[in-house]
Every structure is written in structure tokens, then in C-alpha cells.
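Written out below as C-alpha cells is the structure these notes cover.
The values are calculated or read from the model by the stated rules, or taken from the named source; none is laboratory data. The structure presented is a predicted model; accordingly, all values stated were derived computationally and were not measured. Here the Cβ positions follow ideal geometry from the backbone for every residue, glycine too, while neighbour counts run over all protein chains shown. The area values use the complete protein model at the heavy-atom level, side chains included, leaving out ligands, DNA and RNA. Shrake-Rupley method; radii C 1.70, N 1.55, O 1.52, S 1.80 Å.
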Amino acid sequence: SSEARLSSSANSFSGNFRFNDFGEFNGTLNGRFYGPNAQEIGAAFSASQSDGRVAVGAFIGRGAAVTATNVDLKTLTVNEFFSADGSKLTATLAGNSGSNNGTETFSARDQANTIVVVNYDATTQLYTLIGSDRSLYGNRSFGSTTERFTSTAPVNGPGGFPYATFSGLKYATSGQWFTARGVGPNTEYIIEDIVYGKNTPNSALPRTGSAGFAIGLSGSAADADFVNLASVGGFGFLN
């Protein structure tokens, strides 16, 4: 994955470059556009891994016309980028969450607000997640690391819960980017909950009045009163 910025004064762009091969490679990307109408592209990259491995390379390509857009999230038929708001929990736990017996403890707990880029690939029907320090394409396990992206969109509550209206959501959804890294007897967890979708145009946002929304909440907690990660969930109403 890579995010680069175009120069405001020259035909050039530069940014970061990341890929995984039994560990995260991080580096830089530099390139430019070719042809009378910028219809072709080329760039070179270099990256390294914390254990001393290094890699370099280049890519070239050509532009493709964007012929359609997705109307909503229910019928994703073409590639699309989404900007996602996120919140990230990090914690290290002796042992593995879900199988601890009462003697293990959490350490290095932290939380922060984040911004994540979500890309949907209509051909493979897979998602790419791009964060400030890592990226994910599909679900994967390599070495002692496991990563997955799962939907956390709320579903109907038990017994016909009064707020059982979420199956009709068309424009907003939520998901969890879960990473577990085994480090000796400890496991590092990075859990990022994100929400994204088809944004309401700024010109269409109401600025006065009141509104009510049925909501479904999901999340995770690293609580010293528990020896495993805890799931948080519920239904409510937002005025």
C-alpha cells in the first residue's frame, strides 16, 4: 500500500510504501506521470524491515476510465475509496486472549482516534485497509501474526428488539481491524474499530432542528478486572 502526494509545482509525487513478507516493510515511493494527458504512470520504491532485510523496485501503469459509481453500500459494483473514522486500542497480554485462566495481566494499554482509508476491490470483492502505520489486504496469517477485517454492523436484537431496524442500513457501516502478534509469552493486540460509508454532501446537512437515531454499538476493552479482552455491545437511541 502507498499514499503519495502530487507536487503543486512539478510533475512528481512522493509518499510512503509498505508491503508484508513475514514482517512489515516500510519505505518511500517517488514517481511521475507520462504522456500528453498524464495517462501513464511510473514510480520507484525502496523499503526495509526491522530485522535488516531491504527491498527496491519500480512499477509502471496506465490510467483506466471511471465509468460508474456505487449508489450505496448494498450494491458495490465498482472500485471505491472510503475515508473512515476510527478508534484504536493497543494492549499486550501475557498468554492469549480467550484462553487465559486468571493469572495473566494486561500491559502497554493505550487508545487513540485514527483515520483509516478503506478501498473496495470490486473484482476480488476484498477490502484494503490503510492506516498510518500498517495496511491489510484481505485476511491473513503469517508467522506469529494474525490479521482480519470483519463487519461489526449491528443486527436485529433478540426477540424482535425495538430497534431492529439495522438490516436496512444502506449508506453507513462499521468494521473491526483486528491484529494479534505473538511476542514470546506475550501477545500484542491492535484493535481498530472504524465506520465509513457514502457521506452526506455538506450542502445537504441540516444545521438546525432535532433528529433521533436508533443506534447499535460494538467495541472492545482491555480491562484489568478481566484476564481476556472484553467485547462491548448494545443498542440505544441518540437524540
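Tell me the Kirkwood hydrodynamic radius of region 1-104 in angstroms, computed as one over the mean inverse distance between distinct C-alpha pairs.
Values: mean 1/r = 0.0556 Å⁻¹.
So the Kirkwood estimate lands at 18.0 Å.
Probe of 1.4 angstrom, ligands and nucleic acids ignored: what's the accessible area per residue over the chain, in square angstrom?
Result: 62 Å² of accessible area for each residue.
Out of THR128, ASN139, GLY216, whose Cα points farthest toward the positive end of the dipole of the chain (charges: +1 Lys, Arg; -1 Asp, Glu; placed on Cβ)?
THR128
Could you please state, rounded to a whole Å, how far the C-alpha centre of region 8-52 is from the C-alpha centre of region 169-197?
26
I'd like to know how the chain sits against the 2.2 N^0.38 Å rule of thumb: what's its Cα Rg over that expected value?
Computed over Cα atoms of the chain, the ratio equals 1.20.
If every alpha-carbon in region 191-239 counts as one equal scatterer, what log10 I(q)/I(0) does Debye give at q = 0.32 1/Å?
-1.16
Can you compute 3J(HN,Hα) from phi for each residue in region 10-19, using the Karplus curve 6.51 cos²θ - 1.76 cosθ + 1.60 with θ = phi - 60°, rounded to whole Hz and x for Gly and Pro?
8, 7, 6, 9, 8, x, 9, 8, 9, 7
If you roll a 1.4 Å probe over the chain with all protein chains in place, what percent of the accessible area is carbon or sulfur?
53
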